[in-house]
1. (1) part of a helix (DSSP H, G or I); (2) open to solvent by 80 Å² or more (accessible area, probe 1.4 Å); (3) touching a residue at least 12 places away in the same chain (Cβ under 8 Å): which one isn't true of VAL181, the others all being true?
2. Run down VAL134, VAL126, VAL139, VAL103 and say which single residue is more than 15 Å from GLN157 (Cα to Cα) and β-branched (Val, Ile, Thr).
3. One residue is enough: does the stretch 279-289 have a residue meeting the conditions open to solvent by less than 50 Å² (accessible area, probe 1.4 Å), under 19 Å from SER211 (Cα atoms) and modelled with pLDDT of 95 or more?
4. Kindly list, by first and then second residue, each pair from a residue in the stretch 253-275 that is assigned to a helix (DSSP H, G or I) to a residue that is among the basic types (Lys, Arg), limited to pairs with Cβ atoms under 6 Å and residues at least 6 apart or on different chains.
5. For the stretch 124-139, check the following and say yes or no: at least one residue is modelled with pLDDT of 95 or more, acidic (Asp, Glu), closer than 17 Å to LEU98 by Cα and open to solvent by 10 Å² or more (accessible area, probe 1.4 Å).
6. Please find, within the stretch 207-225, the residue that is modelled with the highest pLDDT out of those that are farther than 14 Å from VAL260 by Cα and open to solvent by less than 20 Å² (accessible area, probe 1.4 Å).
7. Tell me, which residue of the stretch 145-178 that is among the acidic types (Asp, Glu) and at pLDDT below 95 is surrounded by the most Cβ atoms within 10 Å (Cβ to Cβ)?
8. Mind checking which residues of the stretch 197-206 are free of Cβ contacts under 8 Å to residues at least 12 places away in the same chain and either open to solvent by 40 Å² or more (accessible area, probe 1.4 Å) or among the hydroxyl-bearing types (Ser, Thr, Tyr) (or both)?
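The values are calculated or read from the model by the stated rules, or taken from the named source; none is laboratory data. Remember, predicted model here, so these are calculated numbers, not experimental data. Every residue, glycine among them, receives a Cβ derived from its backbone with ideal geometry; neighbour counts consider all protein chains shown. Accessible surface areas use protein heavy atoms only, side chains included; no ligands, DNA or RNA. Shrake-Rupley method; radii C 1.70, N 1.55, O 1.52, S 1.80 Å.
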Amino acid sequence: MDQYELSPGLDMEHGFIRHIQQHQYSRKQLDEEAALNKEQTARLTRGVTMQSKQTASVYQPPGRRGPESSAATGQRSDAGGQRLNTGGQRSDTGDMSLSEEEVDIERYVAEARPYILEALQSPSNVSNTCLKSVAEVIVNRAWEDIGYYRTAAAMCQIIAQKEYEQQVHDVIPTHTFRRSVMETCADIFKNHTELREHGINYWIEFIRFLSEIYSQIRSGTRGLRGIYDILFGALDVLTKPPCIAAFDEVELLCSVLRDVGHSLEVDSLDQMNNLIASLRDAFLEPQTEEWARGMLLEILELRASGWKLSPSVAEYYYGGSES
């Protein structure tokens, strides 16, 4: 072999150097995020620790507010329908904007407001620790503040969608906000007995929030998919005592299934079969009131007809056709 023959060189097709560069870039991102996380956490902690132990909640329910905050909390924000800049564009999940009046940021304590607003704009600018706190306070307000569940669900969807879009090319996406919303909902449901004892209205609002957030994200391919597991669990609780003896809870059960029953069945047929079995058991239970039997029967017939009642059955229940 000629001693001056050129070497074929290194075979770089395996991409090893490229992987090293990617890991170095990821490590740099993690270091920068850790520094940002430390700074933001310190700011949030300073604000929260100035409160007493009893008032350390980031969100203040109406019953816990003092007279000095009545001007800010006695009504929804008087911003008059001005839109918050939450992206300025439409996506396959709907209108990515909310009005200041809808968000009603003044009902959150001052320390939380900048993080909530920043998360609505660009969640990547908020540290993981603070994003988790934002998820917790929004979900908690959804059931504490009667009637706020729709806005809370829209806020969660907007932030989760933006978080997905900003992390879609990350080597290891964290989806911190999305995961924190589901973990917070799971924790609340785990203690649903205590929540109901604390106030049936709180329990009802929590289920309305689950149904609303499921309905908002269900048509998209991203966001909070998987929330229906918790919703199925909550609906199953409604089929059993003591819930099955309360008109408001049975009405809620039927209302949710009318609205999203078909979608829930498409997403998880096994769980829907189990839920319908629970409805049937409640219908046959001797202790079930007649009014509750009539409401449950409607849902059983609705599901048996493919979630669309025939004209004659719709006439019986509603006095008209059922779309």
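1. For VAL181, the failing item is (2).
2. Working: VAL134 fails: more than 15 Å from GLN157 (Cα to Cα); VAL139 fails: more than 15 Å from GLN157 (Cα to Cα); VAL103 fails: more than 15 Å from GLN157 (Cα to Cα).
Testing whether each residue is more than 15 Å from GLN157 (Cα to Cα) and β-branched (Val, Ile, Thr) leaves just VAL126.
3. Yes, some residue in the stretch 279-289 is open to solvent by less than 50 Å² (accessible area, probe 1.4 Å), under 19 Å from SER211 (Cα atoms) and modelled with pLDDT of 95 or more.
4. Cβ pairs passing all conditions: SER263/ARG218.
5. No: the stretch 124-139 contains no residue that is modelled with pLDDT of 95 or more, acidic (Asp, Glu), closer than 17 Å to LEU98 by Cα and open to solvent by 10 Å² or more (accessible area, probe 1.4 Å).
6. LEU224
7. We begin by selecting, within the stretch 145-178, every residue among the acidic types (Asp, Glu); these are 145, 163, 165, 170.
Imposing the further condition that a residue be at pLDDT below 95 reduces the set to 163, 165, 170.
Numbers: GLU163: 25, GLU165: 14, ASP170: 12.
Only one residue fits best here, namely GLU163.
8. Passing the criteria: GLU197, HIS198.
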